[in-house]
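In what follows, a single structure is set out as structure tokens and then discussed.
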Amino acid sequence: MLRSLKLFKTHRQALPRLAVSQGPQFSPSFLRASLLQTSSQEPVRTTGKQSYSAEPRPVLQTEHLSRIVSATRLVDDVSISVRAGEILAVLGPSGAGKSSFLRLLNRLDEPTRGTVYLAGQDYRQLAPRELRRRVGLVTQTPFLFPGTIADNLRFGPRQRGEDLPAETIALLLEQVGLAGRAERDTATLSGGEAQRVSLARALANSPTVLLLDEPTSALDDEAKAEVEALLGQIVRQHRLTCVMVSHDRAQAARLADRVMFLKGGRLEKIGPAREVMHVADTLH
Amino acid sequence: MLQILFTNQLALGCTQAAAAAGLALLVMLIARTREIHLERETLVALLRGIVQIIVVGSLLLLLLRGPAWTTVLLLAAMMVAAAATSARRAAGVPGAFRVSLAAIAAGAGTVIALMTWAGVIDTALTSLVPIGSMLISNAMNTNSLTLHRFRSEVEAHGGLIETALALGAAPQRAVAPYVQASCQASLIPALDSLNSLGIVWIPGLMAGMLLSGADPLYAAIYQFVTIAMMFAAAGFTALLSSLLVRGQAFSPAEQLTLRPQAAALPGGSRSGSK
């Protein structure tokens with residue numbers, strides 16, 4: 001019994017301190033300001049030691065990132081870097097490790113080898129909660145919490161003891177095309193609406209990186225086009241750095257700046273969309 | 001009917017056991033026609049049950065005049081066995097045995113110690129061991145239900161739990177609804193026992209006291225006492241095991257590790273790897 005209690009305690013100690021994001025850059029007022037901003041000023045500013053003068057500093061960088069589960073290499077030695085404000089699409093056949101790769105980026109799974117640098121910092125040095133606030137995720141199926149749309153939007157900030165103001169909720173909902181529906185019960189939403197809520201909920205955390213796991217593939221054609229257009233618009237508007245898993249090449253070509261192609265967990269090719277799509281075609 | 005045929009109590013007992021086991025096997029056979037396969041489990045459980053209870057009966061016979069510490073030892077051994085039984089039920093939950101042992105020992109142990117101290121339970125081995133064992137077995141049932149329910153809740157709601165984590169929630173917060181649900185669900189049998197006491201069932205202890213010629217009113221009141229103690233032990237156990245098991249579903253880096261086995265294999269689920 002003692003041992004078990006001790007284990008439990010150790011586990012709790014292993015949990016990091018609560019999020020430290022009390023700085024002004026994460027406050028709702030900043031969010032509000034950034035939402036209203038549409039100018040194309042310098043994207044995310046970084047203040048690390050090792051800044052590269054020539055190229056924009058990578059916001060997200062993977063180094064030999066691998067995940068092996070029972071001898072299966074789900075993700076195998078993937079090293080890439082994503083620049084600030086860039087949209088990178090992850091393409092590949094099913095079972096290629098696209099989703100597994102994405103899950104490593106916000107550390108929902110643990111890398112077997114390698115790591116991820118977030119703005120130059122090894123993400124294992126960050127508290128997982130703070131990391132996940134900074135790296136938002138929109139899943140293929142929107143998992144909404146029971147309650148209203150507003151409840152869902154408030155969830156993230158509330159974890160850090162912040163109360164998302166009603167104006168911010170209204171603004172976010174307006175951006176995702178759900179203006180005035182804050183008090184609607186999430187049980188009554190259509191697939192497209194639910195995915196919009198899921199997106200707004202991720203944005204409510206003011207992330208710098210947004211991970212999208214086939215965000216439109218569970219939607220019908222009409223909703224798909226709408227959500228896709230919305231995503232492109234929002235990602236640019238919030239100047240988010242974005243990694244998007246897709247199985248739809250046309251969509252990747254429409255949204256992404258660069259494309260990476262995974263096969264059997266390995267990085268086959270990464271480059272500007274047009275170029276990599278061509279390589280991908282010849283592979284089949 | 002059997003009593004007429006047998007004069008030897010032991011022979012009578014064996015025949016009665018055979019009759020009861022036969023009925024259990026019959027139920028199992030009927031279940032089989034409905035594609036519910038319990039053969040192996042029922043047979044093993046029946047055999048185990050009879051062997052174990054005979055061993056305990058013999059032990060009691062030996063310990064009847066033993067020193068007081070043998071009682072404590074016996075109850076401790078029962079707790080370990082209960083934890084092992086419960087942990088088997090929760091296969092796939094890491095650390096299930098430790099969680100079960102802690103929850104059962106603390107849940108049943110507290111009630112046994114308090115009530116013995118207060119004089120509700122007699123310190124005589126013949127009273128402490130049977131009543132203690134009832135409390136322990138009740139704690140075990142509750143613990144099994146808590147762990148089982150927790151596992152299925154977490155496995156069924158992996159998407160929501162990971163969504164909460166991905167939004168920066170603490171693991172405790174992400175599983176809170178399922179901890180609550182498993183704790184509540186596991187207490188239903190104990191609550192029902194309390195509610196239906198005397199109406200649906202006249203439990204073993206009261207039956208035993210009546211058989212041995214105790215005052216029926218005292219037997220009834222004491223039966224309530226034991227059921228209330230059982231509920232207390234069950235409640236303690238459920239609270240503890242649901243709190244303890246919560247930590248077992250996550251890695252130190254706050255990743256949900258308690259996931260359906262199929263999801264651990266690539267392509268097993270959309271959510272990817274283990």
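Quick note: the coordinates plus some simple rules give every number you see, no bench work behind them. As the structure is a prediction and not an experimental result, all values here were calculated from the model. With ideal geometry, Cβ positions are generated from the backbone for all residues, glycine too; neighbour counts draw on all protein chains shown.
Loop-located GluC sites (Glu not before Pro) in segment B:1-98 (DSSP state not H, G, I, E or B) with no more than 10 neighbouring Cβ atoms inside 10 Å: B:Glu35.
Hey, got a sec? Which trypsin sites (Lys or Arg not before Pro) in segment B:1-74 land in a DSSP loop and have at most 12 other Cβ atoms within 10 Å?
Details: sites: B:Arg32, B:Arg34, B:Arg40, B:Arg48, B:Arg65; in loops: B:Arg34, B:Arg65.
Loop-located and lightly packed - B:Arg34, B:Arg65.
Please name whichever of A:His238, A:Gly120, A:Ala273 sits farthest to the positive end of the charge dipole of segment A:56-283, dipole taken about the Cα centre and charges placed at Cβ: Lys and Arg +1, Asp and Glu -1. Going by the Cα projections, it comes out as A:Gly120. The residues A:Leu173, B:Leu62, B:Leu165, when put in order of fewest to most other Cβ atoms within 10 Å, stand as B:Leu62, A:Leu173, B:Leu165. Result for chain B in a Gaussian network model with C-alpha springs under 10 Å: among B:Leu217, B:Leu73, B:Leu258, the largest mean-square fluctuation is at B:Leu217.
Arranged by the count of other C-beta atoms within 10 angstrom, fewest first, what order do A:Asp185, A:Asp248 take? Intermediate values should be presented prior to the final figure.
Working: A:Asp185 12, A:Asp248 16.
Ordered from fewest to most neighbouring Cβ atoms within 10 Å, A:Asp185, A:Asp248 come out as A:Asp185, A:Asp248.
Look at the Cα gyration tensor of segment B:1-63: its axes a ≥ b ≥ c give a/c of at least 1.5 with a/b at or below b/c, and that counts as oblate.
What is the mean number of Cβ atoms from other protein chains located within 10 Å of the Cβ atom of each residue in peptide B:250-258, rounded to a whole number? Please report the intermediate quantities before stating the final value.
Working: counts 4, 6, 9, 12, 11, 6, 2, 2, 0.
Averaged over the peptide's residues, the number is 6.
Within segment A:124-212, the GluC sites (Glu not before Pro) that combine a DSSP coil assignment with at most 13 other C-beta atoms in a 10 angstrom radius are A:Glu183. Taking the number of Cβ atoms within 10 Å of each Cβ as an exposure proxy, the fewest-first ranking of A:Arg196, A:Arg249 is A:Arg249, A:Arg196.
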